Amino acid sequence: MKKFINAPEDVVREALAGVAAAHSDLRVDLENQIIVRADAPRSGKVGLVSGGGSGHEPLHGGFVGRGMLDAAVPGEVFTSPVPDQILAATQAVNGGAGVVHIVKNYTGDVMNFQMAAELAADDGITVESVLVDDDVAVEDSTWTAGRRGTGATVFVEKIAGALAEEGASAADVAAIGRKVNENSGSFAVALTACTTPAAGKPGFDLPDDEMEVGVGIHGEPGRRREKLQPAKQIAATAVESILAAKPLQRGDRVIVMVNGLGGTPQIELYLLYGHVAALLADAGVEIVHKLVGNYVTSLDMAGMSLTICRADDELIRLWEAPVVTHGLRWGA
Amino acid sequence: MKKFINAPEDVVREALAGVAAAHSDLRVDLENQIIVRADAPRSGKVGLVSGGGSGHEPLHGGFVGRGMLDAAVPGEVFTSPVPDQILAATQAVNGGAGVVHIVKNYTGDVMNFQMAAELAADDGITVESVLVDDDVAVEDSTWTAGRRGTGATVFVEKIAGALAEEGASAADVAAIGRKVNENSGSFAVALTACTTPAAGKPGFDLPDDEMEVGVGIHGEPGRRREKLQPAKQIAATAVESILAAKPLQRGDRVIVMVNGLGGTPQIELYLLYGHVAALLADAGVEIVHKLVGNYVTSLDMAGMSLTICRADDELIRLWEAPVVTHGLRWGA
Amino acid sequence: MNFDADAARAWVVAAAAAVTENADHLTQLDSAIGDADHGVNLKRGFTAVTAALDGFAADGPGAVLVKTGTTLISKVGGASGPLYGSAFRAIGKALDGPEADAAALGAALRDGLAAIRKLGAAAPGDKTMVDALDPAVEAFVAAAPDGLGPAAEAAAQAAEAGAKATAELQARKGRASYLGARSVGHQDPGATSTALILRALATVLD
Amino acid sequence: MNFDADAARAWVVAAAAAVTENADHLTQLDSAIGDADHGVNLKRGFTAVTAALDGFAADGPGAVLVKTGTTLISKVGGASGPLYGSAFRAIGKALDGPEADAAALGAALRDGLAAIRKLGAAAPGDKTMVDALDPAVEAFVAAAPDGLGPAAEAAAQAAEAGAKATAELQARKGRASYLGARSVGHQDPGATSTALILRALATVLD
Ligand SMILES: Nc1ncnc2c1ncn2[C@@H]1O[C@H](COP(=O)(O)OP(=O)(O)O)[C@@H](O)[C@H]1O
Ligand SMILES: Nc1ncnc2c1ncn2[C@@H]1O[C@H](COP(=O)(O)OP(=O)(O)O)[C@@H](O)[C@H]1O
Ligand SMILES: [Mg+2]
Ligand SMILES: [Mg+2]
Ligand SMILES: [Mg+2]
Ligand SMILES: [Mg+2]
């Protein structure tokens, strides 16, 4: 297996040790496997906690810091964290104003965060949960597990984090997070499968001239397999898929992210962004802010995801608010 | 070929169009294929220009902005830019105080930048050049092409950029750049080959249990091929190779970069950083600042490079100075 | 022989061995329609359970199984951690004496199934562990009058058949649901591990 | 026939065709010991040269070759752009009349070689284009008394032999030098393209 690791079962713990060594503005609890702002808990401030399986870095650990998360809870690679970890993070960031959990919609994440929230409630901590389910490649249905949480998580964490920093209540922080999620859609395409340390080989085989369309961020195959298309066509598929599920009107403003899944060079992401920008301009939609880079990855997968979030004055103001994390930083 | 592109020969131009669409704080001259700070030229400020083949992003375009480069000159993928481009960038950033070229030591880069410098001189622009040759995997010899310029380029651009921002002379900016280069060593290991758009397939085959040791950033094979080692051992090889060429004493302070070559997940880079930090601590060396992430890439290559720069008060002060670019940002 | 603390412990230890031995296979199944961690998850969890039970004083099977469930919740993560963890806790809570007969164990297993269905909201046919556990519980209860051994054997066979049959189903719950029709043709990893756990019970009660 | 503007143009057009036809092969050679762009670089450059020469009024071969060199410098990049560009410029500058005989072209080619050696500082044996061009120039000059055709044929053969022989050398210049001993066993891409360019000259002057 081609990875810079020592043993598959030690990857997450050893990577956290590296984070601890690297960043003195973070407190890494190696026992509980959580990453916490060094200044947490801040009295009177809502604590913002997110987490999920590892392998999506910089999500979530890279987004811990002023104006974004108070704590991140990394599970094993592609495995939701356990309730004990989530509870420890919740306790660590509780400054008396309650805690908001940002949870990507996967069965495991939902259940483990739910259990942790119940344990926290026993502990007297109010927990609000925001469920992120932005991936329009999956049909939205009450009969299934529903849509996956992917790229919009970054938007939810940034905007809810900014509101929390302003001193808003847990209910308001959760409400804005839900609004961001409601306004957002994502769509992803993969050119290769990723390799988890435990599996040691790619999750699926993909011929040289084919791509997986509608993939998630856990190495699973997508909704369908197609012949590889030019970037321009792929960008169009992504934009159309999102707009079909989350329609936009001429004059709407949006925040956009062209995200790499881990193995895609930046030069290709910018190339894709150029096409996305042109397509949205044609639709009369104004891109107010954008991210182009690796923000929500799937280990070493070559692939891209597009996230589009309809934004109003409030969301734009909160997006522009200062953020000081290792994965996202501006305004301070 | 598994890439988000339309046609191999259009990749760089179309990616630049994406950069132009994305970043209004940059001026992208699509004709000359250069990226320039929107506020250039700044009267009285030394203009800092770097460039080289594309495929190393965020280097160099991601480092254009306040406190770092004034312009970047991207050539075709892995191909040095031509003198015309470099001249156009030199002219665009000349605020009357002269221009400093930061050139990675490759035959093509050296010759093309040299030709551009001569053309600029004909134009009345003084150009100083800083040659970066930090890759200790290559022997330093006057009989060969010498050492490659790799990771230290980021350090040179950041620190020289900070001094230029303070209003220093071209000679002083170049001098500090040379000092950073002199104080720096890098060493890289690859687990896979990268694929250029033009070639369409990996540059070399590497069995599943082998790695290339002492690679550059252009997809070439390394100095030797070895059985894949645990991350801890790879970190030790990198540290030892650098210290053998650029010795450090107990008590020395350093700036360190654990850099991904494009296809390596962040979790592995942090894991490596943990080992590097432990090794340097054992050597009595203090890591004052560090970068962990993708800064100087080789397209989609799975690999890592380590750069260590011995730093004094002046270098540390300039490292900490504000920088506002899309690839590196703090203090503002 | 009734189902006492030692039997419960033996079941869990046998399940741990089975899961560990088949970890790669479970992970491979999860690789096809999930995220390639099911075997790793259960191996990690059951290894922790074995350690937790070592020297753990229990006055009946219930305490052993509650401890097992609690440990799984703390160590597995993912979807299977809370599901299996809650199931073992529910089974354990239903067994409050020093030992249980087949009828009591059947009722307890039914509580375990209920816990999984309550937490995961999966119905039979959704291509999950429920498709192995549901027929297994029914088979166990039906054969309970024949005693523990035959009931457990019937349950194991039903679970194995149920797990096999998931291959033809389209997933509506769990990660495999994201694949839509492409999930058909692959056996569900969770249903497969459920069959292993019930086979372990049958072996122990044989 | 002497070497006039039309012959110079024919040479460059033939070289462009040869380089384009062999672009993939050159890139493959560069992939083994370099960065997999030599064929792409030269194809891009010579395509631009062909366009630049289209309708370009020249009063002699010198102007055609200077234009060729200038265009290569502007379009190729990498190491080969400045090297080939400067060489063509030097050859062109040495040819100031409306036409040149074999002796004059031989002297001009020697200037081209000198330009490459001045810029790149490579000596014969360093595993670069010099290992094809140096013997080619010598052969051309030696055979010049026999006329342009035989001289060019001798040069082409010498270049081809020189290119082939680079396979055994360890690189001391260019990217292949980073490989140290591992560069041995691979033919140098630049020497190979030099042989193509001189073969084009021989074909045109045949
Ligand atoms: N909602 C659900 N109800 C019951 N079982 C489920 C549900 N979701 C998933 N499962 C089971 O969990 C198994 C996957 O477990 P595992 O791979 O450990 O967790 P994850 O899906 O989080 O990676 C599936 O094969 C399935 O049997
Ligand atoms: N210093 C040098 N002197 C002469 N020729 C050189 C030198 N360096 C490189 N070359 C030639 O250039 C060729 C590579 O050209 P190309 O691939 O286009 O440029 P780059 O190496 O910059 O990618 C080599 O095969 C070699 O023949
Ligand atoms: Mg999982
Ligand atoms: Mg090149
Ligand atoms: Mg799984
Ligand atoms: Mg090359």
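In the range A:205-252, which trypsin sites (Lys or Arg not before Pro) fall in coil by DSSP and have 16 or fewer other Cβ atoms within 10 Å?
In loop regions of the range A:205-252 (DSSP not H, G, I, E or B), the sparsely surrounded trypsin sites (Lys or Arg not before Pro) are A:ARG250.
From the alpha carbon centroid of the range C:28-83 to that of the range B:289-332 is 43 Å. The simple spin-label model puts a point 7 Å past each Cα toward its Cβ; for C:ALA57 and B:GLU210 those points are separated by 6.1 nm.
Estimated at the nearest 10 Å², the accessible area of B:LYS179 is 60 Å² with a 1.4 Å probe. Please give the residues from the range B:199-221 for which the solvent-accessible area of heavy atoms, probe 1.4 Å, is smaller by at least 20 Å² with all protein chains in place than with the chain isolated. Residues of the range B:199-221 that lose at least 20 Å² of accessible area once the other chains are added: B:ALA199, B:LYS201, B:GLY203, B:ASP208, B:HIS218, B:GLU220, B:PRO221.
With 25 Å as the limit, the listed pairs A:LYS290/B:LYS104; B:LYS3/B:LYS232; A:LYS201/B:LYS3 have A:LYS290/B:LYS104; B:LYS3/B:LYS232 beyond it between alpha carbons. Give, to the nearest whole percent, the P(r) tail of the protein assembly as shown beyond 58 angstrom, counting all Cα pairs. Here the tail beyond 58 Å accounts for 19 percent of pairs. Label zone of A:ALA244 (point 7 Å out along Cα→Cβ, amide N under 14 Å): in the range A:127-141 this covers A:136-140. Percentage of Cα-Cα pair distances in chain D greater than 21 Å, rounded to whole percent? Within chain D, distances greater than 21 Å cover 45 percent of Cα pairs. In whole angstrom, the range A:184-319 maps to an equivalent ellipsoid with semi-axes of 27, 16, 12, each derived as √(5λ) from the alpha carbon gyration tensor and ordered largest first.
What do you reckon, how do A:LYS45, A:LYS2 stack up by accessible area (1.4 Å probe), largest on top? Each step should come with its number before you reach the end.
Working: A:LYS45 15, A:LYS2 40 Å².
These residues rank, largest area first, as A:LYS2, A:LYS45.
Grab the DSSP H runs of chain C that are 4 residues or longer, score each as -39,500 (n - 2.57), total them, divide by all residues and round the 222 nm result to the nearest 500 deg cm²/dmol.
Details: 9 runs with 142 residues, N = 206.
Using -39500 (n - 2.57) per qualifying helix, the result is -23000 deg cm²/dmol.
For every other residue with a beta carbon closer than 15 angstrom to the beta carbon of A:THR107, add +1 if it is Lys or Arg and -1 if Asp or Glu, then tell me the sum. Walk me through the intermediate numbers first.
Values: positive: A:LYS104, A:ARG147, A:ARG148, C:ARG117, C:LYS118, C:LYS127, C:ARG172, C:LYS173, C:ARG175; negative: A:ASP109, A:ASP133, A:ASP135, A:GLU220, C:ASP30, C:ASP35, C:ASP37, C:ASP126, C:ASP188.
Here the charged neighbours net out to 0.
Only Lys, Arg, Asp and Glu carry charge here, each on its Cβ (+1 for the first two, -1 for the last two); on that basis the range A:120-240 has a dipole of about 380 debye about its Cα centre.
Look at the stretch C:165-177: the mean tally of other chain Cβ atoms within 10 Å of its residues' Cβ atoms is 3. The apolar share of the surface of chain A, taken as the fraction of accessible area on carbon and sulfur atoms (1.4 Å probe, ligands and nucleic acids excluded), comes to 47 percent. Enclosing the Cα atoms of chain A in their convex hull gives a volume equal to 125 cubic angstrom per residue. Per-residue extension of 0.36 nm, minus the Cα-Cα distance of B:GLU118 and B:TRP330, leaves a gain of 72.8 nm for this segment. Each of B:ASN6, B:GLY51, D:PHE56 was placed along the dipole of the protein assembly as shown (beta-carbon charges, centred on the mean Cα), and the one lying farthest toward the positive end is B:GLY51.
With a 1.4 Å probe, how much accessible area is buried between chains A and B, both sides summed, in Å² to the nearest hundred? Don't jump to the answer; show the numbers that get you there.
Numbers: alone 13680 and 13690 Å², together 22950 Å².
The summed interface area works out to 4400 Å².
Dipole size of the protein assembly as shown about its Cα centre, with +1 on Lys/Arg Cβ and -1 on Asp/Glu Cβ: approximately 820 debye, rounded to the nearest 20. Computed over neighbours whose Cβ is under 13 Å from that of A:ALA20, the net charge equals -1, Lys and Arg +1, Asp and Glu -1.
Per residue of peptide B:68-75, the mean number of Cβ atoms on other chains within 10 Å of the residue Cβ is 1.
For the protein assembly as shown, DSSP calls about 55 percent of its internal beta bridges antiparallel. Restricting attention to the range A:242-327, close to 45% of DSSP beta bridges with both partner residues there are antiparallel. Out of C:GLY34, B:SER241, C:TYR84, whose Cα points farthest toward the positive end of the dipole of the protein assembly as shown (charges: +1 Lys, Arg; -1 Asp, Glu; placed on Cβ)? Highest projection toward the positive end goes to B:SER241.
Here the spin labels are modelled as points 7 Å beyond Cα on the Cα-Cβ line, and at B:ALA283 and B:ASP140 they lie 1.5 nm apart.
Label separation (B:GLN233 vs C:GLU168): 5.1 nm, computed from points 7 Å beyond Cα along the C-beta direction.
Count charges around D:ALA8 for me, please; just the other residues with Cβ under 15 Å from its Cβ, Lys/Arg as +1, Asp/Glu as -1. Working shown, then result.
Details: positive: D:ARG9, D:LYS67, D:ARG89, D:LYS93; negative: D:ASP4, D:ASP6, D:ASP54, D:ASP59, D:ASP96, D:GLU99, D:ASP101, D:ASP111.
Net charge around D:ALA8: -4.
For B:ARG224 and B:ASP39 in one chain, what is 0.36 nm times their gap in residues minus the Cα-Cα distance, to one decimal in nm?
Details: separation 185, 0.36 × 185 = 66.60 nm, distance 4.59 nm.
Between B:ARG224 and B:ASP39, full extension yields an extra 62.0 nm.
For chains A and C, what's the summed buried accessible area, probe 1.4 Å, to the nearest 100 square angstrom?
Numbers: alone 13680 and 8710 Å², together 19900 Å².
Its buried surface, counting both partners, is about 2500 Å².
Semi-axes of the equivalent ellipsoid for the range C:95-185, computed as √(5λ) from the eigenvalues of its C-alpha gyration tensor and ordered from largest down, come to 28, 15, 7 Å. Per residue, the accessible area of the range B:184-319 comes to 31 Å² when a 1.4 Å probe rolls over the protein heavy atoms. When chain C is described by a simple charge dipole with +1 on each Lys and Arg Cβ and -1 on each Asp and Glu Cβ, the residue from C:ALA18, C:ILE73, C:PRO98 located farthest towards its positive end is C:ILE73.
The values are calculated or read from the model by the stated rules, or taken from the named source; none is laboratory data. Small disclaimer: the values here were computed from a predicted structure and weren't measured. Positions of Cβ are generated from backbone atoms using ideal geometry, with glycine treated the same way; all protein chains shown enter the neighbour counts. Areas reflect the complete protein model, heavy atoms only, side chains present, ligands, DNA and RNA absent. Shrake-Rupley method; radii C 1.70, N 1.55, O 1.52, S 1.80 Å.
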